[in-house]
1. Just to check your reading of the model, which residue among 261, 343 is free of Cβ contacts under 8 Å to residues at least 60 places away in the same chain and surrounded by 16 or more Cβ atoms within 10 Å (Cβ to Cβ)?
2. With a cut-off of at least 1 residues that are without any contact (Cβ under 8 Å) to a residue 12 or more places away in the chain, name the helices (runs of 4 or more DSSP H) lying wholly within the range 275-339.
3. Which condition from (1) free of Cβ contacts under 8 Å to residues at least 12 places away in the same chain; (2) within 30 Å of residue 317 (Cα to Cα); (3) within 33 Å of the chain's Cα centre (by Cα) is the one that residue 217 breaks?
4. Among the residues of the range 430-459, write down those that are out of contact with any helix residue (DSSP H, G or I) (no Cβ under 8 Å at 6 or more places or on another chain) and at pLDDT below 90.
5. Considering each residue of the range 340-367, count those that are under 19 Å from residue 408 (Cβ atoms), under 37 Å from the mean Cα position of the chain (by Cα) and part of a loop (DSSP other than H, G, I, E, B), and give that number.
6. How many residues are on the phi > 0 side of the Ramachandran plot and loosely packed, with under 12 Cβ neighbours inside 10 Å when one looks only at the range 454-504?
7. Looking at (1) out of contact with any strand residue (DSSP E or B) (no Cβ under 9 Å at 6 or more places or on another chain); (2) farther than 21 Å from residue 288 by Cβ; (3) touching a residue at least 24 places away in the same chain (Cβ under 8 Å), which is the only condition residue 553 fails?
8. Counting only residues that are farther than 16 Å from residue 252 by Cβ and buried (at least 16 other Cβ atoms within 10 Å of the Cβ), how many does the range 277-309 have?
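The values are calculated or read from the model by the stated rules, or taken from the named source; none is laboratory data. Because the structure is a prediction, the values reported are computed rather than measured. As a convention, Cβ positions derive from the backbone with ideal geometry for all residues, glycine included, and neighbour counts pool all protein chains shown.
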């Protein structure tokens with residue numbers, strides 16, 4: 001996987017000019033098409049794969065970069081064609097003002113002296129990813145504070161294009177998680193090839209999801225309250241390993257009081273469940289007000305006008321007992337906890353010590369009791385995951401490389417790979433040995449293909465023939481692998497092929513692979529991180545509409561995934577038309593409720609962890625930011 005910073009174009013086209021005589025820059029006025037037609041046509045015809053932007057180096061020299069030299073030559077042809085840079089300081093945007101700053105000229109901050117074609121050519125530097133040309137020097141007083149650089153393109157000294165940028169992180173190499181077969185299909189915890197830390201959760205344990213409503217005046221839950229729930233889960237064979245609670249309050253009353261109450265309620269649920277077992281439960285609790293469902297539901301009542309009011313005004317109206325009583329049937333539905341339990345099967349061999357485990361495993365192998373050997377091996381792997389045994393303990397439980405024991409070897413090979421996916425080639429060669437023992441075994445062949453993807457990405461060890469690899473993937477059907485799993489692999493194959501075509505400039509072939517992905521991903525089961533990975537992938541090729549089509553359907557519920565919510569904002573928040581939409585405002589409010597700091601960080605400077613602080617030109621975002629973040 002490769003992480004790249006994608007420069008996205010925020011403003012497109014010329015803007016109205018209200019000032020004349022800045023440097024030697026001219027206003028095209030009513031002659032925009034005559035003066036700027038070829039520039040605008042070139043920008044409109046620009047392949048989406050061609051990107052450009054501005055940056056300042058450590059010497060404060062400002063550079064214009066473009067990923068395609070030919071496009072530069074199309075854009076700048078005459079001696080009077082050039083670039084000016086508008087430096088925008090963060091200090092222009094302060095919540096002490098009632099509204100965002102007004103843009104009265106074709107520049108907002110400090111407009112630097114333009115640089116024209118001859119000077120651009122003299123400074124041009126050619127690199128493997130395009131070219132860079134020097135277009136100015138950052139003033140010393142501005143270099144000492146946060147700033148952003150906006151681009152002004154000049155044709156015959158006329159302003160034809162003004163552009164600010166925002167930063168969107170994209171992950172082009174993320175594949176859909178394919179898992180590996182151990183006893184059953186097992187997944188690592190969103191592992192990838194750049195985060196090389198030990199996988200924290202290797203086996204996808206049994207998970208259960210349910211809701212618990214909160215009564216209006218009740219803040220504590222006892223074991224007696226939850227006994228029927230516990231019994232219904234039939235936890236006699238399982239212990240609760242982890243619990244995640246998203247606790248929601250109704251919106252009336254002080255916000256901090258509501259959140260504190262939900263935290264207390266959620267913790268009382270954890271305490272009650274903990275009373276049923278001795279192993280401690282790892283706990284995550286998140287509490288917030290349930291504005292998303294309130295705004296959806298109140299619009300269907302006689303108090304629908306509340307949906308259009310600011311949060312502070314809604315709370316003020318709900319102080320009226322008559323209004324609160326009218327809405328109580330709606331508010332009651334919003335007080336709840338959405339709970340996810342991760343369950344671990346109880347260790348039936350809990351009494352066995354390390355030396356006993358080894359002796360019984362050796363005996364099971366000698367008796368060819370594969371079921372017993374599998375039970376013992378699984379116990380050891382569970383204890384390794386829980387750090388009760390060292391990872392090297394499996395080395396003491398040797399398994400002969402024979403057909404009878406292939407399933408055991410396959411499971412431990414997958415387990416070791418999940419522990420450290422960096423050396424995919426070692427796992428791949430071990431699986432090839434197993435395949436020679438059992439050439440038609442479905443699980444071994446599936447694992448071999450899954451790991452081969454990582455070998456392909458890591459490169460170096462072997463050369464992958466894409467056509468032959470695709471035939472291996474498709475042959476899994478005849479070996480009994482379910483169609484959705486095969487389809488997931490074919491999508492991953494196209495993900496990599498699109499990147500290879502992109503690197504060669506084969507844009508048509510790249511588009512064909514992306515079309516295949518877009519047509520087929522809906523036919524396979526997808527987890528939240530799969531949706532995020534796929535959305536980021538489409539965006540990395542500037543296919544933003546496809547990226548939105550992946551994300552938007554996942555955001556309709558109050559417990560929508562936080563990462564998906566914020567990625568959606570990254571893709572859309574620059575669009576002033578979106579921020580006027582009521583549904584969009586609810587999605588944004590949901591993001592604020594889930595992680596206020598993360599929302600506020602969106603408005604940090606470009607290149608400093610934010611999208612761009614120039615988002616605050618939008619009056620709604622300016623108001624929301626100042627209410628939420630200041």
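1. Going through 261, 343 in turn, the sole match is 261.
2. 311-317, 321-332
3. (3)
4. Listed by number, the list holds a single entry, 459.
5. Going through the range 340-367 one residue at a time, the tally reaches 1.
6. Residues in the range 454-504 being on the phi > 0 side of the Ramachandran plot and loosely packed, with under 12 Cβ neighbours inside 10 Å: 2 in total.
7. All conditions pass for residue 553, except number (3).
8. Of the residues in that region, 5 qualify.
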